[in-house]
1. Evaluate the following for Ala136: is it more than 9 Å from the ligand (Cβ to nearest atom) and at pLDDT 95 or above?
2. Restricting the search to the range 242-258, which residues are farther than 23 Å from Val124 by Cα and among the charged types (D, E, K, R)?
3. What number of residues within the range 69-84 satisfy the criterion of being touching a residue at least 12 places away in the same chain (Cβ under 8 Å) and closer than 12 Å to Phe172 by Cβ?
4. Suppose we filter the range 122-133 for residues that are among the charged types (D, E, K, R) and either within 14 Å of the ligand (Cβ to nearest atom) or under 24 Å from Lys63 (Cβ atoms) (or both); how many remain?
5. If you scan the range 81-112, which residues turn out to be over 22 Å from Asn61 (Cα atoms) and charged (D, E, K, R)?
6. Restricting to the range 214-226, name every residue that is crowded, with 17+ Cβ neighbours inside 10 Å and either farther than 10 Å from Leu186 by Cα or touching a residue at least 40 places away in the same chain (Cβ under 8 Å) (or both).
7. Let me spell it out: the conditions are (1) at pLDDT 95 or above; (2) on the phi > 0 side of the Ramachandran plot, and Asn218 meets all of them except one. Which number is the exception?
Amino acid sequence: MDKQINIQETLDWYIVAGVDEVVGDTPGLAAEKTLPVTPLNKISVKQVNVSTVSISATLKNAKEACQKANSLDELRELMIHFDGCNLKNTAASTVFGDGNPKTKVMLIGEAPGADEDRIGKPFVGRCGHLLDKMLAAIGLSRNECYITNVLPWRPPGNRTPTDEEIAVCLPFLKRQIELIGPDILLLLGGIALKSVLDCNDSISRTRGKWLQYSLSQNKELQVLATYHPSYLLRSSNQKAKVWTDFLRLKKKLSEINQ
Ligand code: URA
């Protein structure tokens, strides 16, 4: 009885691991009799989380390594070889930033979704198409901006990333910001807001206000937070607020360009 495969538990396990798409008619990852299946309710938190001690060591290593990266290519290589975040084990790609590295505007989202994980670029799925349209509405193409995420690896099943996962990935994001050196950061959603500005205020209270982020080279960046495009796909009545935020961004850009 113990050895019998419980199909529901196996499917649940796959979904948690991020395997939530069918890509062919023949099963390539179907449960086999010999596959050890640990029911979800038997996986302890200790098994899936790195311990606090190793997190601080990992964090220290990540910070030191990132400071040594002198270009985006070097940083991308470091990220690809970094093994301190458990999300990498279930992701298909390391999704690094994309776009114009000489841009004035850097957009920061949360984490890759299924499409981004498959293609290896940020914001290329439904959310990305909406983002492209919102940028186009203020006369910006995505090639004029640089787009990245707080996390380069897709959380299984698109779950919310944990504080530990965010903390170990943050040095890579901060170094990306330093290497790009934009004038403006546009934070898409609450996770980007909380991670970049260490701000625990809700996105609904913080969006639309100009804030600041200090770069280590004594440069203050202008920061605007707004709702994440995936939230707009679910709550289209919030689009007007994001439109006003994008108009604020357009105005600030034209002031900077004067
Ligand atoms: N959502 C994000 O936050 N980032 C992506 O790249 C895609 C969807």
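The values are calculated or read from the model by the stated rules, or taken from the named source; none is laboratory data. Note that the structure is a prediction, hence the values are computed from the model and not measured. Cβ: placed from backbone, ideal geometry, glycine included. Neighbour counts: every protein chain shown.
1. yes
2. Within the range 242-258, Arg248, Lys251, Lys252, Glu255 qualify.
3. Final tally of qualifying residues: 9.
4. So the answer is 2.
5. Asp98, Lys102, Lys104, Glu110
6. Leu221, Leu224, Thr226
7. (1)
Here's the yes/no breakdown for (1) buried (at least 22 other Cβ atoms within 10 Å of the Cβ); (2) closer than 16 Å to Ala192 by Cβ; (3) within 12 Å of the ligand (Cβ to nearest atom); (4) at pLDDT below 95:
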site: Gly109; (1), (2), (3), (4): yes, yes, yes, no
site: Glu116; (1), (2), (3), (4): yes, yes, yes, no
site: Gly120; (1), (2), (3), (4): no, no, yes, no
site: Glu144; (1), (2), (3), (4): no, no, no, no
site: Ile147; (1), (2), (3), (4): yes, yes, yes, no
site: Pro156; (1), (2), (3), (4): no, no, no, no
site: Thr160; (1), (2), (3), (4): no, yes, yes, no
